[in-house]
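Taken together, the values in this text are just the output of simple stated rules run on the coordinates, not laboratory data. Nothing here was measured: the structure is a model prediction, and the numbers come from that model. Ideal geometry is used to build each Cβ from the backbone, glycine not excepted, and the neighbour counts take in all protein chains shown.
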Amino acid sequence: MSGRTRVQACPERTCIGCRQRSARDDLLRAVVIEGRCVPDPRGTLPGRGAYVHPVPACYELAVRRRAFPRAYRTQGPLDTGELARLVGRAEAQETHQT
Ligand SMILES: [Zn+2]
């Protein structure tokens, strides 16, 4: 509605999947806790956060591009299963047959 968009009032983040910028509210923040990628819908968890659109397509792109470990600067395995469930990726997997 309001045409006034300030950096502080409307923070933008880049989706690590499709690389498009969106309002932070449209993106899902996720942080890494002990090797697990944990969704942080309220944006309250401490640590380095990565932002991705909460849709299977962007999640998959991010996984394929190895964007998660890059965003978190982690090495080694990263469990993104919880995130996958949240974006509906788990369901998609079950109905993947064509
Ligand atoms: Zn995206």
Checklist line | Gained length - residue 19 relative to residue 65, 0.36 nm times residue gap less alpha-carbon distance | finding: 15.5 nm
Next item on the list: Under 1.5 on a/c is rounded, so check that first for region 8-78, then, if it is not, pick prolate when a/b is larger than b/c and oblate when it is not; a ≥ b ≥ c are the square roots of the alpha carbon gyration tensor eigenvalues.
Entry: oblate
Next item on the list: Please compute the net charge surrounding residue 73, taking Lys and Arg as +1 and Asp and Glu as -1 over other residues with Cβ under 14 Å from its Cβ.
Entry: +3
